[in-house]
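Quick notes on the structure that follows.
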Amino acid sequence: MSKKALIPEYIDYMAQVGWSVNDVEPDTGIFVRIRSTPQPIIGAIARMNGWTTATYSPSTDGLKQFVTLPKAAVRQRFGDWPGPPPMAIP
C-alpha cells in the first residue's frame, strides 16, 4: 500500500490520539500535520474520508500539510472527551 493511501488512517489515528489526551480539553478541535513529498493537500484527503467540516488552505506547500478537525466532528467520531486512545498505529 502506498504512503498516500495510508494518509486517511494517519489522520484518524492522530485525531484520536489528540482527543484521548486528558490534560486539557481541545477548545476548537484537533490540528493534524502530515509532511510528505510530493505534498498532498491533507485537508482535501480528510474531507474525502468523512471529515466533511475539516478546514484547510491549499495555497502553499507548507499549508497543504495542515488540517483542522472541528471539535464537534471529533466528538461525533470518537465520543466525549477524553476519548479512548487508538488501538494501533496504522
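A few notes on this one:
- Sub-6 Å Cβ pairs linking a first residue in segment 1-14 that is at pLDDT 95 or above to a second residue that is open to solvent by 60 Å² or more (accessible area, probe 1.4 Å) and part of a helix (DSSP H, G or I), at least 6 apart or interchain, number zero.
- Count of segment 21-50 residues, restricted to those that are within 16 Å of residue 76 (Cα to Cα) and surrounded by 15 or more Cβ atoms within 10 Å (Cβ to Cβ), is 5.
- Filtered residues of segment 61-70 (kept if at pLDDT below 95 and either open to solvent by less than 70 Å² (accessible area, probe 1.4 Å) or among the aromatic types (Phe, Trp, Tyr) (or both)): 62
Okay, residues lined up against (1) in a helix (DSSP H, G or I); (2) of a type in the set (Phe, Trp, Tyr); (3) over 23 Å from residue 86 (Cα atoms):
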| position | (1), (2), (3) |
| --- | --- |
| 40 | no, no, yes |
| 46 | yes, no, no |
| 52 | no, no, no |
| 63 | yes, no, yes |
| 67 | no, no, no |
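- Hits in segment 32-41 - residues which are modelled with pLDDT of 95 or more and under 13 Å from residue 60 (Cβ atoms): 41
- Every residue from segment 1-20 that is open to solvent by 70 Å² or more (accessible area, probe 1.4 Å) and assigned to a loop (DSSP other than H, G, I, E, B): 1
- Residue check for residue 78: on the phi < 0 side of the Ramachandran plot, open to solvent by 40 Å² or more (accessible area, probe 1.4 Å), of a type in the set (A, V, I, L, M, F, W, C) and touching a Phe, Trp or Tyr at 6+ places or on another chain (Cβ under 8 Å): no
The values are calculated or read from the model by the stated rules, or taken from the named source; none is laboratory data. Treat the numbers as computed from the prediction; the structure is a model and nothing was measured. Glycine also receives a Cβ, built like all others from the backbone with ideal geometry; neighbour counts cover every protein chain displayed. Areas reflect the complete protein model, heavy atoms only, side chains present, ligands, DNA and RNA absent. Shrake-Rupley method; radii C 1.70, N 1.55, O 1.52, S 1.80 Å.
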